[in-house]
Structure formats: C-alpha cells, structure tokens
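This report concerns only the one structure given below.
The values are calculated or read from the model by the stated rules, or taken from the named source; none is laboratory data. Treat the numbers as computed from the prediction; the structure is a model and nothing was measured. We place every Cβ from the backbone using ideal geometry, glycine too, and count neighbours over all the protein chains shown.
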Amino acid sequence: MGEPAGLLDDYLRIARYHVQRAVPPTAIRLRSLEMRRLLAYIALRETGATYADLLAAVRSGDVAWLRRIKRDARSSVLAGLAQTLALQDMLPADRTDALGLYALVRDAWGAPAMPGAHQGLHAQLTYTWRGADAARALLRTYSGMSEAIRTDLEIDVANPFAGDGELPVAPWLAAFQRLMPKPYPALDPANGLPPFDRLTAGAEPLPVDEPHRISVIVTAFHPDEGLITAVRSILAQSWRNVEIVVVDDASPPEYDEILQRAAALGPRIRVVKQPYNQGTYAARNAGLDAAEGEFAAFQDSDDWSHPRRLELQVRPMLENARIVATTTDGLAVTERLVLTRPAVRRGRFNPSSLLFRRQLVMDRIGYFDQVRKAADSEYIGRMRAVYGERAVRHIDSEPLALIRLSQGSLSRSEIRAYWMHPARVAYSSAYQQWHGRIAARAAKPYLPREGGDRPFAAPDHLRYGRGEAPPRPEYDVVMAGDWRFLQGPQLSAVEEMLALADRGLRVAVLHLESLRPPARRRYPLAGPIQKLVNAGRIAQVLPGDVNEAALVVVRHAAALQFAPDDECLLRPRRVLIVADQAPVRRDGLDHRYEPAACTATATRLFDAPVVWCPQDPEVRTALRGYPALELTPYDLPVVIGAERWTAARDGATRDAPVAGTDLCDQGVWPRDTRESLYVFDGLRRVDVRLRLPDWPRIDVQLGGPRSHLVYEAGDLDLRTFLHQLDFYLHFPHPETVETFSRPACEAAAQGCVVVTQERHAAVFGDAAVYCAPAEVAGVVKRYTEDRVLFAEQSRRARAVVANAHPPQAYVDRIAALVHAPRHSTPAQRTPEPACA
C-alpha cells in the first residue's frame, strides 16, 4: 500500500500543527509499517526520491546518492526514520537497514549534523548489534550524545564480562560502582557464576538497630541462583531488624534444594509454599499475610538491593507519620552487568521497591490485584488515590537496586522504547479510571486477597498463566476505533453501544490508534468508554486475543489509514466501515483517508468482507467518487438517548443570551477551529461559551473577544456544557462536506435553539433554525426577544430528535448485519475504475 502525496502532505501538516517530533514515537507505538513511508516522504519530499530509492541506497551503501540530494533532504527526519526501523524491529532487514541509514546520514552530512539523541541511539544500537569495537569507533566520532548514554557505553565497552577480549576488571568496576551510592557494589571472587550473582557490598555499611521491623517478601517460581543473590542482598542491609519471607509459587520438587539453601542463609528467613501456581501477586499477598513486620517491602527473586536501600526508604516514614510508602529507582542490567538498552534511560522507577506501613495500608486498601503482571503499579497508584501523592514519596537518590534483565523476562518482552504490550496499556487505563473514582471518594479502594468482583477490567493476557485457556465468547458487535479522545464518532459510539447492550447484544471495543491527531505519549481510553468497560456493560478485546464476532464496526475510517501491522486475531464474519467524514474536504485539503487503502487494511486485519456505511447524505455522495466500494443502501442511523438529554426551556436568558459551540470535531486540521468561530465575532451583548477538544494541542487559535468563556474538555462534560446554552451555533468550515454534527444534534435534543446553515437541513430538519453567517446576530436577537418563539423551537427540536433518532432504528440495522449470511451483498456498489 502506498499513500498518495496529497494525503501524506496533509498528515504532515497535522503532525507539525499538533505535536512536534511526534511521528517516530507514534510509528513505533503503533507498529505501523506505512508510517515509514510517511517519514520518508517528509524527509525526501523536495528531492523527488522515494522510500524505495532510499532503501536501495542504504543497502548498497551509496552515500554519493544521498550527497547529491542532501540540499533538499532533511537529515533529522531521516535519522527519525532510522530510529523507527530500529525500534519497531518488525522485518528481517530492519536492524541492518537502521544502522545503514544512520551511517549514510552521518557520512552525507557529517557526524556533527546528526542530532545528539540520534548520535546516542546509533551508538547504542551499534554496541547491541555489532559489538564493543564498532561502538568505540562511534564514541570517538560523535561528540553530541548525552552524558548519560556516553557514560553507559564507555562502561560497557570496558566491561570484561561482555566481550570476547581480555579486559581488566578494576577500571570497569570503578566506573560501574559510581552509578550507585556508597558503599559501592563489589564482586566476589570468580566462582563460575555470572557477575550479577557475584555482587556484594564493597564495605559493610554502618548497622542501624531500631525496633521497627521490616518484612521483605521475596516471591519465586522455578528459582535459581538468583534467589540466593536476592536473599543475600537483604541479609546484608544496614537496617538490621528485618525478616525475609520467601514465597514459592508452587515450583516442582526439584526446586526444593535451592529453597532450602535460601532458608539456610540465616535465622530470619521463612519459606512459604503456595498450593498451586497463581502468579507473583497472589504470592505477594500470601507473603503479606505471613509477614509480622510493621513495614512491608518486596524484592524480586533475581534482583540485588543496595545495602542501604531499606534504611533510606524507611527513614522518611519514621520522620513523617503522613508518609505511608516510599519507592526508589533501579538500574536495569543484564547478568553480565551490561547497562546499554537502546532508547531506554539507565535509571528507572522500580515498582518492586515499594516499602509501606503494612497494617495501616492493608486495612484501608487490602491486597494486590491478583493478575499475573503489572499489579505493583496498580497498588502504588491505589495508595496515591487514597492517601494523596505526597503520602507516597519517591526517594530522590542514585538507584538503590540492580534489576536483572534476563532474555525471558516479562518486562523485557512487553515493555520497550515507546511501546508497551496492549494488555498492559488496557489494564493501566482501566485501573486509572477506578483510581480517579477512589480519589473523588466515589469508589471504595479495598481489594480482598481472593480478588472477588474486581471493580475494573483486566485483560485475559494478565489474568491467565501460560497454558491456561481463557473463555472466548463470540461477540455480536466489536466497535473498532481510536478511543482515546471524545470526538463526534466516539460520542456517537457510546450511545450506539449502550443501545446494542440494552437489547441484549454482546458488545466489545477494539482500540486502533489514529494519527488524527498524533500524540507523543500513550493516552488511556476516554472516560465514558472506560467506564462502560469497567462496569461490564461492554468488553474490551485486544488485537492479539483470539476472538470471534459477527460484526466489526470500524467507527471512523481514518483509524485504518496507518493501522498497526502486527497480526490481529479477531475474526468477524463481516466488517462495517463507518464513513463519519468524507475522505477529503471540498477544496481538496485535509485528506483524512483513502477508501481503497482502508478497505485493504480492514481485509488484512479481519479477513472478512467489508462494507461501507456513510454517516450522512453528503458523505455518501463523496464516496460515490471512489471506485469499487460496497455501500450500505442506508446512512448510519443516529442514536440519541433522549431520556438523558431532554430539558424544558421557556426562553433565552433575557439580559445576555448564552450562545456557544463544542469544538470536539474541530481543530485537527490547522485553522479550522478559527474558521468555525467567525460567526461569533459579530454577536453583541451575547454571553459566548466554547468547549475545546480533549486532545493535545499546541497552536489552536480561537480569536475573538477575550470575554468569551472557554472551557477545557476536562472542565465539564458535553451535557453539562449544553445545559448552559440558549443557542448552539453550528457553522463549520465552509469547505466541510459533512452535514451531521453530533454535538449539534445533542444540543437540539437538550432543547437549545440550534442555528446553522441551510445545507444542514437534510440532517436536522425542523430541529434547527437556518440562516447565513451574517444573519446569526439577528436570529439570536429575534428568538431572545420572543420567548414564545424560543420555547416553541426548543420543544420542536426535542420532539424532532426524539422521533427521528430512536435507538431501535440503529439496533435494527446493526442486528440485520449481525444475523446476515456471510456473503450477502449490499444493495449499492460504486463503479469499478475505468479500464485503460
């Protein structure tokens, strides 16, 4: 698939408008191969060269080709493309291509022209994939990389345990030690074990004897020598009043010997064995019940704690009774004590470092959620929600633990630069919504040890262990789309999913992140969507989960334009793509999607027949200009929950009528926000109120008088905003194709007098009042002065919406597709392309 230049140009404009340098992180997070073409187009647009030309030059080492065009090419964007190839790492040639592209950029422009962040990443990748000698050459070549990356690489290339050569231990160890506080880590004499398992303290710390006991819980499954290393590091703590509870998660009998060795290391050690394997957090819960200390802490079974870790963490809690827990950073290393991980910073927050007041906290919030992964972050977040951010203090110091990165570690495979496993992302989104309710005192924070009814959703990937088969229900409808932000399609989808669920259909959502708009970081699901998932009204399915459905509804077509290229295991019988917008505006600007490309992507992802459904008559007309599209014979019915939106109004506010608009469908394309607000400039003695979109913005120009009251989306929801208004003015950019507006329709349903242009009459009918932009002030004045006229229009609008958009009409259309034979053909098809 190759996107046309117009679409790539417009996506470039959107990316520049919203978030600078967002494209490479977004491409890595989405794992979209097509976004590589977007980056190449950005870099080479003025040269006439293509992505294929660039790859050919990279693979042949043709630096002369790049030098010939470098005046019109963008070196920093080419470096971003190399970053994307390396960190996506999806195709067999990606590593070679990434290093080759970095080398080509360096040789064409010179090393100083390479951005510092890319100098560091190029050197990190070279060390990881090509070895220490190649990395040393880049350390000599590059002078602009960060000091932290340079330090780590210099330590690693000197590491005598990481390469084949014989390097002295002393200088490397001296440099490595300085990454942690005193007493520095040291190594026991060579004993056949990896360097990590030879770790010890270089000097015995000054002992601290106090009456406050700390119970350190160490969970293990199939333990090895790492357990001995972990337990030894706790026994060597400066804080002497420690007990160690080793909880074995039902390892087979052949591991008893290593458990006995651990228990024999000292009298303060107890071993608790689980009756069957339940996962790390069930084991931690068992350890908490067995613990006797005033404070509880944790130690992963293959990590090493600095000898002063417990002392430095418990001291703030003894000095300040309001602090209920502390955490620290850790230093992630391999068992050969290698530091470098491309694009991952050295020191990082270590969730396993949690130390807290055991009884106080457990009485209030209970136990860890008994999922298989990621529950430590949830537990810490729950503490913050209950006690406040300041009550959970992060100790600002050098790292106080060495975190072992084994090849098979869960975190290494599921958390990478700019990317996290979708199940972890979904889990985080779900518990954050619950935590928000806890902080607002709207939900209880306590979780019992056995779990019970979890008040938020947890994906199967985290709930079941290897070899366990989760139930796989067949869904009637899976609603696919970008669910981070609340634009018109998402607002409509909430009502649509409620209508389907209320009538007994099994409904789920599938998240497909869109580039409209792009964002550098991950965002949780929008609150109303996540609330439905957490309440069990709908489910959330992940692309990597094996699921079946009768129908997938792609709720907005642009979500398919740069879709992920990882395999999707959801298998529906049919796919319905909703064209909520036309592919492009009337003036040829703002390309949102290419229908043929979206159809191909839907077919690749879901392996099912695809049919398109326009949102309104004008979008249908626009789609007819694209060949070979299967179209439903009807436009998508609108669902308005009238019982949730109706409000009686007997007239506008007399002295200063309140007029406004919601901008959730504006602001993706540069300047379209301002274009939709010109109509307010001519209003006098009118209280103007605006509600902004909820996505990240850097350059939204509202214009108009400073007296306008402007709300962020988080200040109030759409219903509350509309309740304030007398008049809702809907005047989008004049080149807009679409005539349907979700906020305008809901405004009419709530009894606002909706004022818009005549071209929207086919959708709104008598629910709106029509005039040209220049006539708006007169219409507002007339309806404000005539309260009977206002009340009649308000009543009429509510009645029209209720009669025109009953939920059952939508349910009937979707149910017909759910129960239709797999190969049934829609009634309309756009013409095939003409033969040459």
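Quick one: in segment 126-148, of everything that is assigned to a loop (DSSP other than H, G, I, E, B) and in contact with a helix residue (DSSP H, G or I) (Cβ under 8 Å, 6 or more places away or on another chain), which residue is surrounded by the fewest Cβ atoms within 10 Å (Cβ to Cβ)? For segment 126-148, the residue satisfying everything is Ser143.
A quick yes/no check of all residues on (1) of a type in the set (Lys, Arg); (2) surrounded by fewer than 19 Cβ atoms within 10 Å (Cβ to Cβ):
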| residue | (1), (2) |
| --- | --- |
| Val157 | no, no |
| Gly165 | no, yes |
| Leu173 | no, no |
| Lys182 | yes, yes |
| Val208 | no, yes |
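Among the residues of segment 508-518, is any over 18 Å from the mean Cα position of the chain (by Cα) and part of a loop (DSSP other than H, G, I, E, B)? Within segment 508-518, not a single residue is over 18 Å from the mean Cα position of the chain (by Cα) and part of a loop (DSSP other than H, G, I, E, B). Being touching a helix residue (DSSP H, G or I) at 6+ places or on another chain (Cβ under 9 Å), within 19 Å of Arg742 (Cβ to Cβ) and either modelled with pLDDT under 95 or outside any strand (DSSP E or B) (or both) holds for only one residue in Tyr810, Tyr783, and it is Tyr810. Only a single criterion out of (1) crowded, with 18+ Cβ neighbours inside 10 Å; (2) among the charged types (D, E, K, R); (3) at pLDDT 95 or above; (4) more than 28 Å from Gly452 (Cβ to Cβ) is not satisfied by Arg358, namely (4).
Is it the case, given these coordinates, that Ala27 is crowded, with 20+ Cβ neighbours inside 10 Å, small (Gly, Ala, Ser) and either in contact with a His (Cβ under 9 Å, 6 or more places away or on another chain) or within 27 Å of Trp419 (Cβ to Cβ) (or both)?
Working: crowded, with 20+ Cβ neighbours inside 10 Å: yes; small (Gly, Ala, Ser): yes; either in contact with a His (Cβ under 9 Å, 6 or more places away or on another chain) or within 27 Å of Trp419 (Cβ to Cβ) (or both): yes.
In short, yes.
Suppose the filter is within 29 Å of Ala175 (Cα to Cα) and in contact with a helix residue (DSSP H, G or I) (Cβ under 6 Å, 6 or more places away or on another chain); does Leu312 pass it? Answer is no for this residue.
Residue count for segment 547-594 under the criterion of being of a type in the set (Gly, Ala, Ser) and not in a strand (DSSP E or B): the result is 6.
The single condition among (1) of a type in the set (A, V, I, L, M, F, W, C); (2) over 19 Å from Arg150 (Cβ atoms); (3) buried (at least 20 other Cβ atoms within 10 Å of the Cβ); (4) in contact (Cβ under 8 Å) with a residue 40 or more places away in the chain that Leu121 does not satisfy is (2).
Conditions (1) at pLDDT 90 or above; (2) within 33 Å of the chain's Cα centre (by Cα); (3) not in a loop (DSSP other than H, G, I, E, B), marked per residue:
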{"site": "Arg620", "(1), (2), (3)": "yes, yes, yes"}
{"site": "Asp635", "(1), (2), (3)": "yes, yes, no"}
{"site": "Arg644", "(1), (2), (3)": "no, yes, yes"}
{"site": "Asp655", "(1), (2), (3)": "no, no, no"}
{"site": "Val668", "(1), (2), (3)": "no, yes, no"}
{"site": "Thr673", "(1), (2), (3)": "no, yes, yes"}
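When Glu147, Glu166, Glu154 are screened for being at pLDDT below 95 and either assigned by TED's automatic domain parsing to the domain that holds Val77 or acidic (Asp, Glu) (or both), only Glu166 passes.
Looking at Arg390, Arg463, which is the one that is in contact (Cβ under 8 Å) with a residue 24 or more places away in the chain and either surrounded by 15 or more Cβ atoms within 10 Å (Cβ to Cβ) or assigned by TED's automatic domain parsing to the domain that holds Trp695 (or both)? Don't jump to the end; show me each part of the working.
Details: Arg390 fails: either surrounded by 15 or more Cβ atoms within 10 Å (Cβ to Cβ) or assigned by TED's automatic domain parsing to the domain that holds Trp695 (or both).
Every option except Arg463 fails the conditions.
For segment 500-507, the condition holds for at least one residue, the condition being that it is farther than 23 Å from Leu692 by Cβ, touching a Leu at 6+ places or on another chain (Cβ under 6 Å) and assigned to a strand (DSSP E or B).
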